[in-house]
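Every read-out reported here was derived from the displayed coordinates using simple, explicitly stated rules and does not represent laboratory data. On a predicted model such as this, the values are computed, not experimentally measured, just so you know. Heads up, the Cβs are rebuilt from the backbone with ideal geometry, glycines too, and the neighbour counts pull from every protein chain shown.
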Amino acid sequence: MPILEFQNVSKVYNGVTKALSNVSFSVDEGDFVSIIGPSGSGKSTILRCINRLVDATQGEIYFDGHDINKAGKQELREVRKKIGMIFQHYNLVDRLSVIENVLHGRLGHKSTIAGVIGAYTEQEKETAFSILAMLGLTEQAYKRCDELSGGQKQRVGIARSLMQEPRLILCDEPIASLDPSASKVIMDHLSEINKALKITCIANLHQVDVAMKYAKRIIGLTSGQIVYDGPAQDLSRSKIYEIYQSNEGELITDIRYSYE
Amino acid sequence: MNNYTKQAPKPVGQTSIFTIRKRSFALVFAFVATLFALSSAVANFSTAKGLESIPKAIIWMAANFVPDEKAISRLPNILSKLAETALLAVAVTVCSALCAFFFSLLGTKTTKINPWISRAVRAFASFFRNVPNIVWAILLMFSFGQNILTGFFALFFASFGMLVRMFIETIDEVSSSCVEALHATGATFLQTVFQGIIPSSLPNIISWVLYMVEYNIRDSALIGLLTATGIGNLFDLYYKRLDYASASLVVICIAVMVISIEIASNKIRKVIM
Amino acid sequence: MGELAIALHSIDLSEQSKYMKKTRKGKIRTAAKTKSAAALKLTVIALLLLTAIGFLSFDYKKVNAAQAAFSTVQNARVLFAQPRLSYNTVAGIARALFVTFSLGALSTIFGAILGFFGALMCARNISNPTLSNIVRSFVAFIRAVPTILWVLILTVAAGLGSVAAVVGLTFHSAAYLVKAYSESIEEIDSAAIEALKASGASYWQIIFQAVVPSSISYMLAWTFLRFEINFTNAIAVGAAAGAGGIGYDLFMAGSFYFSLRELGFITYVVAAAVIALEALSTKVKAKVG
């Protein structure tokens, strides 16, 4: 049974800008799916429709038995608890410590008041430390996030999402602001999380070669429509050309060297 | 206009840009000159008299506007009024900042409660910002009379309007990204406020508050004049009695305090940012 | 999900615990301990404490606050809901508005001219340190004294009327603009100045070929902002120093005729003017910047 299912989902911003039209696909538990496409093709909107940071205009989205678009406040909170998200610009609270940012992943699991005053249990703190250890960040635990490098910040972002004990992690351009070596570290961690921890991953990527290397399955998006949905290895050059509507040669060669 | 303002110096030979620059300079100059002439006529202002008044004022100030012994003997009274004014400015600013913070949460794009509420909050703040504080002072005088609360509320309303606008801008600029992430974890509204917005925007908010304290001390002199309270009233009292030596001491005391607060605020800003 | 727990379980906590810091109560600490966080906390506490001291020390003169607040609300309702002119004519109000506008414009023009030359002496990258510091302190003093007091002081020397108002408002504007302009000048890329210096350009050539072109859009933005402030200040000066204009009408309506409706009408006129001015300056700034 798929963990996530999109049925004819459309999204129109402000009644005029069409971001998604009639998107349907489903994702099985444990999958690593990469969504590729030019900027403005609706990649980000797809991810944000899943945890309702953006409300879809039409269609149904099912996640783990929940009808997302019909979820009320309480149910939405339940859904979001199970979905981690990491962002291109990390979206951390820069002035708080690394460990505090990681613990933010627990907010969905806590009562409002406990979250407001930041009352975390000792066990939660220990878990946070273990996650940091897994990502190689223990020494940074008490640093303020604005002291970290981009790659470290993104690892804090990953730690925060793991803290949620998620079933699904959404990655919105996780390496778009990083240099090649930091990008590799982040992608390796995500791959490891997907394989070892059996957490489903959906990642928006604009580097086709990275997507092909890490994802089992690729969804190609152009102007809000799915133009390719299949195994990574079957993605042909002409298909890439169709997705990006430009010369695929340029797209691939300028970054490929860093991964081979 | 754009050519005039945006261009970096160009080597000789590109006369066209110089011509445009000269032409727009002439245009601006003509506009300002006209504005100046019209304004002088409307306000019945003579530049000659204005220029004349400055040396006169300096000579007069050097002779009369200097604290003397009698003025020094009034120092304790002046200082106590000054302290009252400073405390009033801090109290007004802190209270209006607390109210403004909660209102600005309803007005930001970041917290996205409801676009209509947001619009209403912005309009509400704009109303308080654009009604001059002297109107509030006059209005409050009717009911509160010559009372410190008159000054308190007059300054409160104006500060509130200003701070709501500043806070909304600050929160939208500083906190929107982390708020998105906290929403995604399933955090509730209050959790997002206390774990995301406050930690990320507090330094900027405090910086605005410090700025507003400074501003309110200066404005409280004006409000004090109108409502016969505080340091403004004390100045007015000496001034009307032609006791310029004591009035000058009031001015010096205000200046010293404002400058000290400015220096302290700048130091604090540097550390907390 | 179960896998996460298993994976985490396999991590040796005793290895990690040497990085964990404890609070006084023996719990694991989470906060970063930085100087800025401590300073921030201290500032907040100090502000709250001063507020409390303020409220406790104020002399309220036994005012019945609830009753006064209630009647203020009643009055505000009359003021804002039933604006009506009875002592002034619309033409008179319009004229007064123009007078206030003119006071604001004149003091902005004078302030900008003085501010420009002051800024040339004050900006660290084109002036010498001694001169810069002298101008800086002088300007800080002028800014620290409220505008209204400058106007009152000048009234004694120049007599009641527009001269004292304009000169008084100019004092503060010039001081404010010296600071604003010099900060814009200090942000200029020093390479442009150096290049001209190297080519043997004179001081005024450098000013008008490098300094002015690269900072003019900021300067204009500041000037417009100051014009808005001067307009508001001109209202206040009219009210509190009898310098004429719409501020004086406001004052008379409230404190002489005791007419809330009159006050309401003039308030709406003033608010509309302020909003229009703000919109205009935003437009001009967008075009220039």
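Worth pointing out:
- Selection status of C:Thr100, in contact with a helix residue (DSSP H, G or I) (Cβ under 8 Å, 6 or more places away or on another chain), more than 25 Å from C:Ile266 (Cβ to Cβ) and assigned to a helix (DSSP H, G or I): no
- For region C:230-250, a residue qualifies if it is surrounded by fewer than 24 Cβ atoms within 10 Å (Cβ to Cβ) and facing another protein chain (nearest Cβ under 9 Å), and the qualifying residues are C:Thr232, C:Gly244.
- Where a residue in region A:1-17 is under 13 Å from A:Leu168 (Cβ atoms) and without any contact (Cβ under 8 Å) to a residue 60 or more places away in the chain and its partner, wherever it lies, is buried (at least 18 other Cβ atoms within 10 Å of the Cβ) and among the acidic types (Asp, Glu), with Cβ under 8 Å and at least six apart: none
- Take the conditions (1) touching a residue at least 40 places away in the same chain (Cβ under 8 Å); (2) within 13 Å of chain B (Cβ to nearest Cβ); (3) within 20 Å of B:Thr192 (Cβ to Cβ); A:Val98 misses just one of them, which is (2).
- Summed over region C:180-224, the residues that are away from chain B (no Cβ under 11 Å), under 26 Å from the mean Cα position of the chain (by Cα) and closer than 23 Å to C:Ile109 by Cα give a count of 9.
- Counted residues, region A:138-195 - those being outside any helix (DSSP H, G or I) and within 14 Å of chain C (Cβ to nearest Cβ): 11
- Exactly one residue among B:Ser220, B:Ser201, B:Ser248, B:Ser207 is in contact (Cβ under 8 Å) with a residue 40 or more places away in the chain and more than 19 Å from B:Lys81 (Cβ to Cβ), and that residue is B:Ser207.
- Residues of region B:159-216 that turn out to be in contact with a Lys or Arg (Cβ under 9 Å, 6 or more places away or on another chain), farther than 23 Å from A:Ile68 by Cα and within 7 Å of another protein chain (Cβ to nearest Cβ), as a count: 5
- Residues of region B:32-89 that are in a loop (DSSP other than H, G, I, E, B) and either more than 8 Å from chain C (Cβ to nearest Cβ) or small (Gly, Ala, Ser) (or both): B:Ser46, B:Val66, B:Pro67, B:Asp68, B:Arg74.
- Meets criteria (touching a Lys or Arg at 6+ places or on another chain (Cβ under 7 Å) and either more than 30 Å from A:Glu29 (Cβ to Cβ) or assigned to a helix (DSSP H, G or I) (or both)) for C:Val78: yes
- Within region C:116-135, one or more residues are part of a helix (DSSP H, G or I) and in contact with a Cys (Cβ under 6 Å, 6 or more places away or on another chain).
- Wholly enclosed strands (runs of 3 or more DSSP E) of region A:199-246 bearing at least 2 residues surrounded by fewer than 15 Cβ atoms within 10 Å (Cβ to Cβ): A:225-231
- Residue within region C:5-25 that is surrounded by 14 or more Cβ atoms within 10 Å (Cβ to Cβ) and under 30 Å from B:Val131 (Cβ atoms) present: no
- Scanning region C:274-288 for residues that are more than 7 Å from chain B (Cβ to nearest Cβ) and touching a residue at least 60 places away in the same chain (Cβ under 8 Å), we see that the one that is surrounded by the most Cβ atoms within 10 Å (Cβ to Cβ) is C:Lys285.
- Of all residues in region B:107-121, those that are closer than 11 Å to B:Phe167 by Cα and surrounded by fewer than 19 Cβ atoms within 10 Å (Cβ to Cβ) total 0.
- Considering each residue of region C:204-220 in turn, none proves to be buried (at least 24 other Cβ atoms within 10 Å of the Cβ) and within 30 Å of B:Ala63 (Cβ to Cβ).
- Note on region C:236-289: residues that are under 27 Å from B:Gly232 (Cα atoms), part of a helix (DSSP H, G or I) and of a type in the set (S, T, N, Q) amount to 2.
Listed here are the residues, each with its yes/no results for (1) assigned to a helix (DSSP H, G or I); (2) touching a Leu at 6+ places or on another chain (Cβ under 8 Å).
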{"residue": "C:Arg24", "(1), (2)": "no, no"}
{"residue": "C:Thr30", "(1), (2)": "no, yes"}
{"residue": "C:Lys33", "(1), (2)": "no, no"}
{"residue": "C:Ala38", "(1), (2)": "yes, no"}
{"residue": "C:Leu48", "(1), (2)": "yes, no"}
{"residue": "C:Ala52", "(1), (2)": "yes, no"}
{"residue": "C:Phe55", "(1), (2)": "yes, no"}
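- Lone qualifier among A:Val102, A:Val54 - being surrounded by 17 or more Cβ atoms within 10 Å (Cβ to Cβ), in contact with a strand residue (DSSP E or B) (Cβ under 9 Å, 6 or more places away or on another chain) and either in a helix (DSSP H, G or I) or not basic (Lys, Arg) (or both): A:Val54
- Test: A:Ile83 is in contact with a Leu (Cβ under 8 Å, 6 or more places away or on another chain) and facing chain B (nearest Cβ under 10 Å): yes
- Test set (1) touching a residue at least 12 places away in the same chain (Cβ under 8 Å); (2) within 10 Å of chain B (Cβ to nearest Cβ) - A:Ile113 fails condition number: (1)
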